[in-house]
Amino acid sequence: MIFLVLKVHFRDYLISHSLFCTIAFSVQALDWPTNDLNAVEYYLYVGDQEPFIFKIDVDPVELLNHGFNPEYPTKIFAHGYVDHAITYTPPLNEAYNNDPEEHYNVIGIEWYRLANIYNYIEAAENTNRVGDHVGTNLVSKIFMDELGQTSDQIHAIGHSLGAHLVGHLGRAVQAEGKDPIKRVTALDPAKPYFDIVSQDYRVQPTDAVLVDVIHTNSGDLWESALSMPWVVGDVDFFPNGGKHQPGCTEACIGTACLDIPLIDMFNSKQSEVNQWILFLKK
């Protein structure tokens, strides 16, 4: 079920944006929204093994016991608003680990409970908190300090709100005194909220050695577009002009789109995943 939530917020820096309309998916009782960073979970995929689900207090030995190999490059994925790591991480793992000559540690950041807050602004602000948390505690302290990985083995990938999250992840690693991670890939970085706040809140070229950005649904809300239409990385790609892609259902904003079948929205997401995988493999 999809329902519309209207909330009014008065913020000093949002004078002209006091009315926000956010679309939220109904949630199962066990997944209530929260701002608690302890609710963030991680999915570890290595090849065709079953995923190992862990939290930030994991013993690094457990990661090794479940297939994590410090010699492999590590791909870290962050999903977007009201989404799940389980939606995208399995196909990314399949794409990266389908070559017997290449091996990767694939990590999905499951921050659903902090991204599912019906107040979209809070979810957007959580990209900073979660990104700092993951970059400091998982990447810097566990992957690098405990398991011996280096910055040039780390590639962080994020979609929508997750694109900004992995930008903060990259900054947090540098704040720990480490070299910039090798790469940040921002997939349709979210525009709402990030177009009216400081650039420090969003993904930017200094977040990694290479920050590449793919814009497939960029523009304004009235165009049924949700991502940034301008250059934000070292290299930005705008397939088919960057606004709408063949075979993808337009994003739904406001009551005009609520009659689109939910299955079409899910099929649209899978279509986007397939396009991104082709690029990321290269």
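Remarks
- The residues on offer are Y112, Y118, and the sole one that is hydroxyl-bearing (S, T, Y) and surrounded by fewer than 20 Cβ atoms within 10 Å (Cβ to Cβ) is Y118.
- Looking at the stretch 67-151, the helices (runs of 4 or more DSSP H) lying wholly inside it that each contain 2 or more residues that are under 20 Å from A175 (Cα atoms) sit at 120-133.
- Flag for E146 being of a type in the set (D, E, K, R), without any contact (Cβ under 8 Å) to a residue 24 or more places away in the chain and touching a helix residue (DSSP H, G or I) at 6+ places or on another chain (Cβ under 9 Å): no
- Hits in the stretch 160-187 (condition: surrounded by 24 or more Cβ atoms within 10 Å (Cβ to Cβ), without any contact (Cβ under 8 Å) to a residue 60 or more places away in the chain and either β-branched (V, I, T) or in a loop (DSSP other than H, G, I, E, B) (or both)): V173, I181, V184
- Yes/no for L37 being within 23 Å of G170 (Cα to Cα) and buried (at least 22 other Cβ atoms within 10 Å of the Cβ): no
- Among the residues listed as Y81, Y96, Y88, the single one being modelled with pLDDT under 95, among the hydroxyl-bearing types (S, T, Y), closer than 17 Å to A39 by Cα and crowded, with 17+ Cβ neighbours inside 10 Å: Y81
- Residue list for the stretch 188-226, filter: part of a helix (DSSP H, G or I), of a type outside the set (S, T, Y) and at pLDDT 95 or above: P205, D207
- Residues satisfying the stated conditions in the stretch 136-154, i.e. over 12 Å from P180 (Cβ atoms), crowded, with 17+ Cβ neighbours inside 10 Å and in contact with a Pro (Cβ under 9 Å, 6 or more places away or on another chain): I142, F143, L147, Q149, Q153
The values are calculated or read from the model by the stated rules, or taken from the named source; none is laboratory data. Just so it is clear, the model here is predicted, and its values are computed rather than measured. Cβ: placed from backbone, ideal geometry, glycine included. Neighbour counts: every protein chain shown.
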